[in-house]
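Enquirer: Okay, here's the structure, questions in a sec.
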Amino acid sequence: MAPSVRTVPTASKARAVQIIWSWRGGRPDIEHIGSGHSEAEVELLKAAAYRKIAGEGQEQLDLGFDDDPTKGITGGSSSGIKVASMRMGPLIEALTAIYRGLGFEETTGADEVFYQQVLARLVEPTSKYDSLRVIEEMGMDPVSYATVKRRLPTYATEDFRRGLTAALAARADLGPHAVVLFDVSTLYFETDQGDGFREPGFSNYVDVVVMPMLAL
């Protein structure tokens, strides 16, 4: 598993930035980088974490910047680098192009809530409430959680689901003689001793095999 960076809330209402180096026995090997109270501080801490991952086992090129990524934001000495805002522009543009190419924008009537939920789940599968954080970290303005909850009954209707299905079918050019692969069963294998990939646990699939079926 490659190292990854995550943010978690703290008791002081800040956001802690951590590196997950690996997983052993179902538990992560975590290194705490720091905590930020503003978006700029968090982004600088995340940048420091990614630099640490990239520089693991390598000599670091000294560019003459201050080692403390929060200085210049919290009132200390500054390296001259200040982050005004962050936006995952190329990622947003790519996902939006796919979203529109599938016909979802037209089918949903440019529903902003549904659009944000789709993008958020693709970037980081999480809860509806936490998806607002993902959207904000992408550099977009998230809708309110109350708005998300108000829209859910609409998404559960047969007409809404039928519209999405029709858009996908049209994009895939499905016809009377189309061949469709779909999952009809899932098998899993239990193990008493983990090997880094399969790990024992409660209510977890430890190794999955999908059995597809052809339909004409």
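The values are calculated or read from the model by the stated rules, or taken from the named source; none is laboratory data. Here the structure is a predicted model, which is why all the values come from computation and not from measurement. Reconstructed Cβ throughout: ideal geometry from the backbone, glycine too, with neighbour counts over all protein chains shown.
Enquirer: For the stretch 4-48, which residues satisfy the criterion of being within 20 Å of VAL134 (Cβ to Cβ) and of a type in the set (Asp, Glu)?
Expert: Residues satisfying the conditions are GLU39, GLU41, GLU43.
Enquirer: Cβ contacts < 7 Å: first residue under 11 Å from SER144 (Cα atoms), restricted to the stretch 120-131; second residue among the small types (Gly, Ala, Ser), any location; separation 6+ or different chain. Result?
Expert: Qualifying pairs under 7 Å: SER131/ALA120.
Enquirer: State yes or no: is VAL42 part of a strand (DSSP E or B), surrounded by 12 or more Cβ atoms within 10 Å (Cβ to Cβ) and either at pLDDT below 85 or β-branched (Val, Ile, Thr) (or both)?
Expert: Judged against the criteria, VAL42 is not a match.
Enquirer: Still on this structure, please answer the following. Only residues that are modelled with pLDDT of 85 or more and either in a loop (DSSP other than H, G, I, E, B) or surrounded by fewer than 13 Cβ atoms within 10 Å (Cβ to Cβ) (or both): list them for the stretch 85-97, please.
Expert: Correct list: GLU93, ALA94, ALA97.
Enquirer: Which residues, taken from the stretch 132-156, are buried (at least 17 other Cβ atoms within 10 Å of the Cβ) and either free of Cβ contacts under 8 Å to residues at least 24 places away in the same chain or under 11 Å from the mean Cα position of the chain (by Cα) (or both)?
Expert: Correct list: LEU132, ARG133, VAL134, ILE135, GLU137, MET138.
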